[in-house]
Amino acid sequence: MRWVTLEKSFRIVLFVLYFVCCPAESLFANELKLEPALSLAGGYNDNLFWEKNGKVGDAVVKIHPDLKLDYRSEVSHISSLFSFDFFGYADEKELNDIKSAYQLAGDFQGSEKWSSEIESSFIKDTTLDSYLEETGRVIRREDHDLYKIGGTVAYAMFIRSSIACSYNYLNSSYSDPDFFDYNQHSVFLSYRHRMTNEIDTLSIDPAYSYTKTGWNNTENLSLSMGWTRKLTEVFYARMMIGLRHTVVSYDNSSEDDDYQGAKALFDLTWNRAERIRIKINYFHDLRTTVDGDVINTDNVYLKYDHSLTYYWGVGISGRLINSYQLTSSVADKSRTIYYQIEPHVYYHLTETSSLIFYYRYQNSYDDSLKNNKEVECNSVWLEFQIGFPVEL
């Protein structure tokens, strides 16, 4: 039933995007790009169930088709991505699975002063995928559905100043009835001022969010200040820091818990001479676990790619997540530290196809456990990728 509801929601979003972002007068002056792609990979994972002792390893095959669509007209832009992952295991047949992800986004310039954006996404994977990347918590493998939808309306008050209002809805659900599903409503306001150098923008961003699980409700109020620098497609940097006040109420208690804390965000993308690509993402914010608990999370992601020649290239990516309970007492913080390192080598066979070999090391340390606090996992992959770009 949940899948049917989500499918209907996506049809509604697509319908709205088509008629809002693609007005009739612009349909004859547009650009439409289709980018079908396919990747075939084979690999081996030495610890499928994240066990300290009695590790179970297996060979696995992955088939990944996806389709990117990009529509652009004088006043609107729509982009979408539809992708699937088919996993097949040699011995552990019960792990054979199909994962999917859908993304849909559009923007519309109504006039010189008014503009709007809308975006929606749906991810169907397991708790060892997107949930792990957000929280850093390693738990038993269960199906996980993550649905997001949101929109923004912006108004340019002056030549260099604008205000915007955004609303986002998030729903996270699990196949295990012992896990707590939750939904979240968020409202953001933003005032932005572009500096005279035309590349720097300052912002003030108040925000409010309400998260409901099966046994508690969390209200979060924050105020942040931000700075953004953009130099075409070569360099982009964004930094935001602020304060937050959090109130957690419980279904079985009349007492609420109040917490004060900070939030931060940093994004950096740098493409140097089309040979070196650097990407850095960091955030410090709240996340919700499968137990319905709200936790503090420091999440860092790094990626470096270097094209050595026209054909050959190397790179490395990594993620570090430090998460702990939402509490004012340092002694009560049961920390979980997760990190992942992934070096890779790639070879371009043609302009649209390549061969990639990568090794992934994952490590989880959970201070709340009495025994077997540290668990690690190794995997190797050889992947072939090919794209079929089409312009209509």
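Would you work out which of 223, 123, 40 lies farthest towards the positive end of the dipole of segment 2-391, given +1 charges on the beta-carbon of Lys and Arg and -1 on that of Asp and Glu, about the Cα centre? Of the listed residues, the answer is 223. Note on 309, 289: ascending count of other Cβ atoms within 10 Å places them as 309, 289, the fewest first. What net charge do the residues around residue 151 carry, taking every other residue with its C-beta under 11 Å from that of residue 151, with Lys and Arg at +1 and Asp and Glu at -1? Result for the local shell: -3.
Phi-derived couplings, Karplus 6.51 cos²θ - 1.76 cosθ + 1.60 at θ = phi - 60°, listed residue by residue for segment 291-308: 7, x, 7, 9, 10, 7, 9, 9, 10, 10, 10, 10, 9, 9, 10, 9, 7, 6 Hz, with x used for Gly and Pro. Using 1/(1 + (r/R0)^6) with R0 = 45 angstrom and r between the beta carbons of residue 69 and residue 251, what's the FRET efficiency to the nearest 0.05? Here the calculated transfer efficiency is 0.55. Since only 339, 88, 301 are under comparison, the one whose Cα sits farthest along the positive direction of the charge dipole of segment 2-391, derived from C-beta charges on Lys, Arg, Asp and Glu, is 301. For the residue pairs 52/93; 113/212; 93/148, the C-alpha atoms sit more than 27 angstrom apart in 113/212; 93/148.
A simple spin-label model places pseudo-atoms 7 Å from Cα toward Cβ; at residue 271 and residue 235 they are separated by 1.6 nm. Treating r as the C-beta distance of residue 189 and residue 388 and R0 as 41 Å, the FRET efficiency rounds to 0.45. Multiplying the residue separation of residue 359 and residue 258 by 0.36 nm and removing their Cα-Cα distance gives an extension gain of 32.0 nm. Who wins for biggest fluctuation among 117, 133, 142 in a Gaussian network model of the chain, springs between alpha carbons below 10 Å? With Cα springs under 10 Å in the chain, the top fluctuation among 117, 133, 142 is at 142. What number comes out for the charge environment of residue 99, summing +1 per Lys or Arg and -1 per Asp or Glu over other residues with Cβ under 11 Å away? Taking every Cβ under 11 Å from that of residue 99, the sum is -4.
Counting Lys and Arg as +1 and Asp and Glu as -1, what is the net charge of the other residues whose Cβ lies under 12 Å from the Cβ of residue 68?
That sum, taken over residues with Cβ under 12 Å, equals -2.
Cross-link partners for residue 124 among the aspartates and glutamates, with Cα-Cα distance under 16 Å and sequence neighbours closer than 8 places in the same chain left out: 7, 66, 85, 97, 133, 134, 142, 143, 145, 176, 181. In this structure, the residue pairs whose Cα-Cα separation is over 29 Å, taken from 55/370; 62/230; 68/263, are 62/230; 68/263. Working from label points 7 Å from Cα in the Cα-to-Cβ sense, the residue 92 to residue 165 distance is 4.9 nm.
Bear in mind these aren't lab numbers, they're just calculated from the coordinates by the rules spelled out. Remember, predicted model here, so these are calculated numbers, not experimental data. All Cβ positions, glycine included, derive from the backbone under ideal geometry; neighbour counts span all protein chains shown.
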